[in-house]
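Heads up: the structure comes next, in structure tokens.
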Amino acid sequence: RAPLLVAEDLRKSFGATSALDGAWLEVDAGEVVAVMGPSGSGKSTLLHCIAGIVRPDSGRVFFDGREVSLMGDAERSALRRAQFGFVFQFGQLVPELTCLENVALPLRLERTRRREAERRAGEWLERLEVGDVAGKRPGEVSGGQGQRVAVARALVTSPKVIFADEPTGALDSFNGERVMRLLTTAARESHAAVVLVTHEARVAAYSDREVVVRDGRTRDMART
Ligand code: ADP
Ligand code: ADP
């Protein structure tokens, strides 16, 4: 069976800086893959290329058999909205909206009615154990709560893939582990794959498989 996501020999430079220099990745449906490596090794650039945010200079990216690297901007953003969810380190929630409205937003953007969108958003907040912050704005909740709200927002559209770039980077280890446990449990229950960028072994331990990036090149590691 074909993998859900395939990246073949990606290369990407920013001016004189080579960020990716032959990166390969395959992710199966429902698989949780950790992309590890030191700061500056190309992890975020790899994530941005496979998520269709950044266009590689060369190499190919496939999602579900379709070549993402050949799509135009409109088609790639439609693909991202319909199939992908994103969790970043911080600052991804809209500060003017309540946590409930933030989670409902991706549904509203695909024209789900407010009442239905907010009902589903509320269910996701409960699953991520942050039902109590529904009416608060992001500035009024803790870092760990905010990240769990962000995970709820990433999952509310039932995406096929969650892209998470250092999702626990701004949290202490207790809250980081709670976010990882809830993220991976919810993703597995939804049959969503997760591409997790992290430099922390403790965070990568929640994955099924680790891929290491060094100097823009990937290397598969056996799970220890
Ligand atoms: P990592 O996520 O492993 O820290 P990145 O993919 O962010 O690595 O960066 C890889 C290299 O590419 C670094 O040298 C970084 O400074 C450079 N880089 C990444 N994005 C850009 C950009 N938009 N413009 C210039 N250089 C960039
Ligand atoms: P992370 O590695 O945690 O994703 P970075 O600080 O490396 O965070 O990058 C944050 C953003 O800035 C990314 O979108 C990346 O592409 C961009 N970026 C990284 N390095 C550079 C750089 N040297 N010049 C310009 N943009 C950069």
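The values are calculated or read from the model by the stated rules, or taken from the named source; none is laboratory data. Everything quoted here is computed from the prediction, not taken from an experiment. Note that we place each Cβ from the backbone using ideal geometry, even for glycine, and neighbour counts take in every protein chain shown.
Can we say L93 is buried (at least 18 other Cβ atoms within 10 Å of the Cβ), in a loop (DSSP other than H, G, I, E, B) and either in contact with a Cys (Cβ under 9 Å, 6 or more places away or on another chain) or at pLDDT 95 or above (or both)?
Against the criterion (buried (at least 18 other Cβ atoms within 10 Å of the Cβ), in a loop (DSSP other than H, G, I, E, B) and either in contact with a Cys (Cβ under 9 Å, 6 or more places away or on another chain) or at pLDDT 95 or above (or both)), L93 qualifies.
Could you check segment 126-159 and list, in sequence order, the residues that are closer than 20 Å to R81 by Cα and surrounded by fewer than 21 Cβ atoms within 10 Å (Cβ to Cβ)?
T157, S158 - these are the residues of segment 126-159 that are closer than 20 Å to R81 by Cα and surrounded by fewer than 21 Cβ atoms within 10 Å (Cβ to Cβ).
Given the condition under 19 Å from the mean Cα position of the chain (by Cα), assigned to a helix (DSSP H, G or I) and either aromatic (F, W, Y) or away from ligand 2 (no atom under 15 Å from the Cβ) (or both), answer yes or no: does some residue in segment 62-74 qualify?
Among the residues of segment 62-74, at least one is under 19 Å from the mean Cα position of the chain (by Cα), assigned to a helix (DSSP H, G or I) and either aromatic (F, W, Y) or away from ligand 2 (no atom under 15 Å from the Cβ) (or both), which makes the answer yes.
Tell me, yes or no, whether segment 164-178 has at least one residue that is polar (S, T, N, Q), closer than 21 Å to A201 by Cβ and within 16 Å of ligand 1 (Cβ to nearest atom).
Yes, there is a match, as at least one residue in segment 164-178 is polar (S, T, N, Q), closer than 21 Å to A201 by Cβ and within 16 Å of ligand 1 (Cβ to nearest atom).
Among the residues of segment 2-19, which ones are within 14 Å of ligand 1 (Cβ to nearest atom) and either modelled with pLDDT under 95 or farther than 13 Å from P56 by Cβ (or both)?
G15, A16, T17
Output the number of residues of segment 96-122 satisfying the condition of being part of a helix (DSSP H, G or I) and without any contact (Cβ under 8 Å) to a residue 40 or more places away in the chain.
Total satisfying the criteria: 13.
Quick check on segment 17-43: of everything there that is touching an Asp or Glu at 6+ places or on another chain (Cβ under 6 Å) and within 16 Å of ligand 2 (Cβ to nearest atom), which residue is farthest from R188 (Cα to Cα)?
In this case the residue turns out to be M36.
Out of all the residues in segment 178-194, is one or more part of a helix (DSSP H, G or I), more than 21 Å from D28 (Cβ to Cβ) and in contact with a strand residue (DSSP E or B) (Cβ under 9 Å, 6 or more places away or on another chain)?
Yes; the residues of segment 178-194 include at least one that is part of a helix (DSSP H, G or I), more than 21 Å from D28 (Cβ to Cβ) and in contact with a strand residue (DSSP E or B) (Cβ under 9 Å, 6 or more places away or on another chain).
Among what's in segment 202-224 and is of a type in the set (S, T, N, Q) and part of a loop (DSSP other than H, G, I, E, B), pick the residue that is surrounded by the most Cβ atoms within 10 Å (Cβ to Cβ).
My answer is S207.
Table: residues versus (1) surrounded by fewer than 19 Cβ atoms within 10 Å (Cβ to Cβ); (2) over 28 Å from A23 (Cα atoms).
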{"residue": "A117", "(1), (2)": "no, yes"}
{"residue": "R120", "(1), (2)": "yes, yes"}
{"residue": "E123", "(1), (2)": "yes, yes"}
{"residue": "D165", "(1), (2)": "no, no"}
{"residue": "L171", "(1), (2)": "no, yes"}
{"residue": "L183", "(1), (2)": "no, no"}
{"residue": "E200", "(1), (2)": "yes, no"}
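When you scan segment 20-38, do you find a residue that is free of Cβ contacts under 8 Å to residues at least 24 places away in the same chain, within 13 Å of ligand 1 (Cβ to nearest atom) and over 19 Å from K160 (Cα atoms), even just one?
no
On the basis of being at pLDDT below 95, within 16 Å of ligand 1 (Cβ to nearest atom) and among the β-branched types (V, I, T), does V54 make the cut?
yes
Output the residue which, of all residues in segment 1-16 that are assigned to a strand (DSSP E or B) and more than 16 Å from ligand 2 (Cβ to nearest atom), is surrounded by the fewest Cβ atoms within 10 Å (Cβ to Cβ).
Out of the qualifying residues, it is D9.
Take segment 17-61 and flag every residue that is loosely packed, with under 15 Cβ neighbours inside 10 Å and assigned to a strand (DSSP E or B).
Result: T17, S58, R60.
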